[in-house]
Ligand SMILES: [Zn+2]
Ligand SMILES: [Zn+2]
């Protein structure tokens with residue numbers, strides 16, 4: 001049995017590559033080199049003991065991500081997909097700011113590869129990081145690698 005192939009463009013280098021059609025939604029990179037580039041840019045989640053008291057609805061800032069609500073249109077952040085992504089980013093990073101490690105401040109789930117420029121990376125948990133408000137403001141130049149792409 002032969003599978004049909006589709007042509008996609010790599011989210012990192014922009015080159016076309018072909019994959020079997022059934023993989024077209026998950027395939028994002030032309031090969032291991034570009035996948036490696038992606039992994040390099042993505043910081044590993046901070047390891048730490050989960051503070052169970054501050055999970056879920058007990059967390060003081062659960063659901064109060066107001067700045068982000070303002071920045072994105074309601075339609076975009078009300079999708080189940082976005083909510084699931086955000087939840088996964090919070091859990092992956094243990095509700096801590098990636099930069100200063102602070103827990104319990106106002107945290108924002110942020111895209112490392114920008115939302116607007118990399119639509120196919122929007123819902124990858126690896127593409128999310130948590131930043132407190134203070135660190136979020138300083139972020140722009142710090143992650144210039146991702147911004148240059
Ligand atoms: Zn590539
Ligand atoms: Zn911080």
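Coordinate-derived values only; no laboratory data. Note that this is a predicted model, so its numbers are computed, not measured. Cβ placement follows ideal geometry from the backbone for every residue including glycine, while neighbour counts extend to all protein chains displayed.
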- Message: Given a Förster distance of 22 Å, report the FRET efficiency between residue 78 and residue 133 from their Cβ-Cβ distance, rounded to the nearest 0.05.
- Response: 0.50
- Message: If I take the Cα coordinates of region 1-41 and project them onto the principal axes, what are the three extents in Å, biggest first?
- Response: 38, 15, 14
- Note on the structure: With the 8 Å Cα cutoff and a minimum separation of six or more residues, region 1-41 has a relative contact order in percent of 36
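I'd like to compare 98-110, 30-42: which one has the highest average count of other Cβ atoms within 10 Å, and what's the full order after that? If you can, show how the numbers build up before the last one.
Details: 98-110: 18.4, 30-42: 14.8.
Order by mean packing, descending: 98-110, 30-42.
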